[in-house]
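First up is the structure itself, then whatever we jot down about it.
The values are calculated or read from the model by the stated rules, or taken from the named source; none is laboratory data. Everything quoted here is computed from the prediction, not taken from an experiment. All Cβ positions, glycine included, derive from the backbone under ideal geometry; neighbour counts span all protein chains shown. Note: areas computed on protein heavy atoms with side chains; ligands, DNA, RNA excluded. Shrake-Rupley method; radii C 1.70, N 1.55, O 1.52, S 1.80 Å.
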Amino acid sequence: MQATVLNRPRTPLEWTDLPDRQPGQGQIRVKVVACGVCRTDLHVVDGELPDPRAPIIPGHEIVGRIDAIGADVEGLSMGERVGVPWLGHTCGVCPYCRMQRENLCDHPVFTGYTRDGGFATATIADARFAFPLGEVGSDVSLAPLLCAGLIGWRSLAIAGDGKNLGLYGFGAAAHIIAQVARWQGRSVFAFTRPGDAATQAFARTLGAAWAGDSDETPPEQLDAAIIFATVGELVPRALKAIRKGGRVVCAGIHMSDIPSFPYALLWEERQLVSVANLTRQDGIDFLRQAPKMGIITHTTTYPLRNANVALADLRAGRFDGAAVLVP
Ligand SMILES: [Zn+2]
Ligand SMILES: [Zn+2]
């Protein structure tokens, strides 16, 4: 197999030949056909997450086909198309796993962070954490659903069912969740980096009722807001934009420090919460309904060998929607 490997944080990924791996008990080997590039991959490469592991193969929006099956795997077959997400494994016995909150597991394994991921021609996955994808939809179009879509979906559920939804940071996740929210009959208010007219226009093409700069006041009060951008300054801005009793959801794994703000922005039962990871149930719920929602993912594809270019383009905001690597 070949992979683009992060040998040390803050260095470019290196194209590497590796011996083929065999799936262990409860595992499958997946021939990767597409792997999305997520903001979290940048955090891994930049060494911004705690306890980084290196060398590591990033990538956790994996679409592939099973080409080897380990012992004691049930319900999956050779050649089947599956998705491998960020949540790679949970312990099953910690208090969080026992209370159906496996996204908060004390001993998790994360694909592309603490276990090798999908910036490769093949990967090994825990069979119980892989999602059968069926045959509807192209490999490339499905890849961004595996994290941008799933984490966005969980964030949307936690935001509540208010009609006016603000999305701060209009990248891969927001461009999917805007479509889901429209399908649910909500009004989407899209906030981008100040002056990013192109992304604001992109948001309008996806049905946003309004799109503007992140420091603007939207034309209507918001019921809830999801912050996908990694910018702490957005937290007080979003609190200011929501109504009494509204909720601000921070969807990212990493964010710059939140500046101090007057208590009045939180007063009147406004809520500020974060979303961490996903549960398998989130994935099952979202992927079952996704075909009905008519989601069109906007993707820019790169050859797997050019993973560094894709990461640089994501960092610089050079494309709308999501980047996908293709071996
Ligand atoms: Zn991700
Ligand atoms: Zn656990």
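Just so you know, in the stretch 106-128 the residues that are small (Gly, Ala, Ser) and more than 14 Å from ligand 1 (Cβ to nearest atom) include one that is farthest from Ile69 (Cα to Cα), and it is Ala120. Got at least one residue in the stretch 65-76 being away from ligand 1 (no atom under 16 Å from the Cβ), of a type in the set (A, V, I, L, M, F, W, C) and closer than 22 Å to Asn277 by Cα? No, the stretch 65-76 contains no residue that is away from ligand 1 (no atom under 16 Å from the Cβ), of a type in the set (A, V, I, L, M, F, W, C) and closer than 22 Å to Asn277 by Cα. Filtering the stretch 187-198 to residues that are under 25 Å from Pro291 (Cα atoms) and within 21 Å of the chain's Cα centre (by Cα) leaves Val188, Phe189, Ala190.
Specify the residue that is nearest to Thr111 (Cα to Cα); the eligible residues are those in the stretch 274-302 that are touching a Lys or Arg at 6+ places or on another chain (Cβ under 8 Å) and either exposed (fewer than 12 other Cβ atoms within 10 Å of the Cβ) or among the charged types (D, E, K, R) (or both). Checked the stretch 274-302; the qualifying residue nearest to Thr111 (Cα to Cα) is Arg280.
Within the stretch 143-161, is even one residue more than 21 Å from Thr279 (Cβ to Cβ) and either in contact with a helix residue (DSSP H, G or I) (Cβ under 9 Å, 6 or more places away or on another chain) or modelled with pLDDT of 95 or more (or both)? No: the stretch 143-161 contains no residue that is more than 21 Å from Thr279 (Cβ to Cβ) and either in contact with a helix residue (DSSP H, G or I) (Cβ under 9 Å, 6 or more places away or on another chain) or modelled with pLDDT of 95 or more (or both).
Sub-6 Å Cβ pairs linking a first residue in the stretch 252-281 that is in contact (Cβ under 8 Å) with a residue 12 or more places away in the chain to a second residue that is open to solvent by less than 50 Å² (accessible area, probe 1.4 Å) and of a type in the set (D, E, K, R), at least 6 apart or interchain, are Val275/Arg154; Leu278/Arg154; Thr279/Glu102, ordered by first then second residue.
Can you say whether Ala181 is open to solvent by less than 20 Å² (accessible area, probe 1.4 Å) and more than 18 Å from Thr299 (Cα to Cα), as far as the supplied structure shows? Here the answer is yes, as Ala181 does meet what is asked.
Summed over the stretch 184-219, residues that are open to solvent by 20 Å² or more (accessible area, probe 1.4 Å) and aliphatic (A, V, I, L, M) total 5.
Number of residues in the stretch 177-198 that are in a helix (DSSP H, G or I) and in contact (Cβ under 8 Å) with a residue 24 or more places away in the chain: the value is 8. Applying the criterion of being in contact with a Gly (Cβ under 7 Å, 6 or more places away or on another chain) and part of a strand (DSSP E or B) to the residues of the stretch 65-80, the residue that is nearest to Arg39 (Cα to Cα) is Arg65. Pairs are defined by a Cβ separation below 6 Å, a sequence spacing of at least 6 or placement on different chains, a first member in the stretch 83-108 that is under 20 Å from Leu145 (Cβ atoms), and a second member that is at pLDDT 95 or above and near ligand 2 (Cβ under 8 Å from one of its atoms); the pairs so defined are Glu102/Thr90. Any residue at all in the stretch 154-164 that's in a strand (DSSP E or B) and within 30 Å of Ala307 (Cβ to Cβ)? For the stretch 154-164, residues in a strand (DSSP E or B) and within 30 Å of Ala307 (Cβ to Cβ): absent. If the condition is being within 16 Å of ligand 2 (Cβ to nearest atom) and either part of a strand (DSSP E or B) or under 18 Å from Met293 (Cβ atoms) (or both), then the stretch 112-148 contributes Arg115, Asp126.
Annotation note: Cβ proximity below 8 Å between a residue of the stretch 230-247 that is farther than 27 Å from Arg315 by Cα and a residue that is at pLDDT 95 or above and part of a helix (DSSP H, G or I) (sequence gap 6+ or interchain) occurs for Lys240/Leu265; Arg247/Ile158; Arg247/Ala159.
Sub-7 Å Cβ pairs linking a first residue in the stretch 25-50 that is over 25 Å from Ala229 (Cβ atoms) to a second residue that is within 16 Å of ligand 2 (Cβ to nearest atom), at least 6 apart or interchain, are Gly26/Asp126; Gly26/Arg128; Gln27/Asp126, ordered by first then second residue. What about Ile28, is it crowded, with 20+ Cβ neighbours inside 10 Å, away from ligand 1 (no atom under 16 Å from the Cβ) and in a strand (DSSP E or B)? In short, yes. Please go through the stretch 160-178 and give me each residue that is open to solvent by 10 Å² or more (accessible area, probe 1.4 Å) and of a type in the set (Gly, Ala, Ser), ordered by number. Scanning the stretch 160-178 gives Gly160, Gly162, Gly169, Gly171, Ala172, Ala173.
Return yes or no: is Gly149 crowded, with 16+ Cβ neighbours inside 10 Å, more than 14 Å from Gly283 (Cβ to Cβ) and within 14 Å of ligand 1 (Cβ to nearest atom)? Spelling it out, it is not the case that Gly149 is crowded, with 16+ Cβ neighbours inside 10 Å, more than 14 Å from Gly283 (Cβ to Cβ) and within 14 Å of ligand 1 (Cβ to nearest atom). Scanning the stretch 79-120 for residues that are of a type in the set (Asp, Glu) and either closer than 24 Å to Asp139 by Cβ or modelled with pLDDT under 95 (or both) returns Glu80, Asp116.
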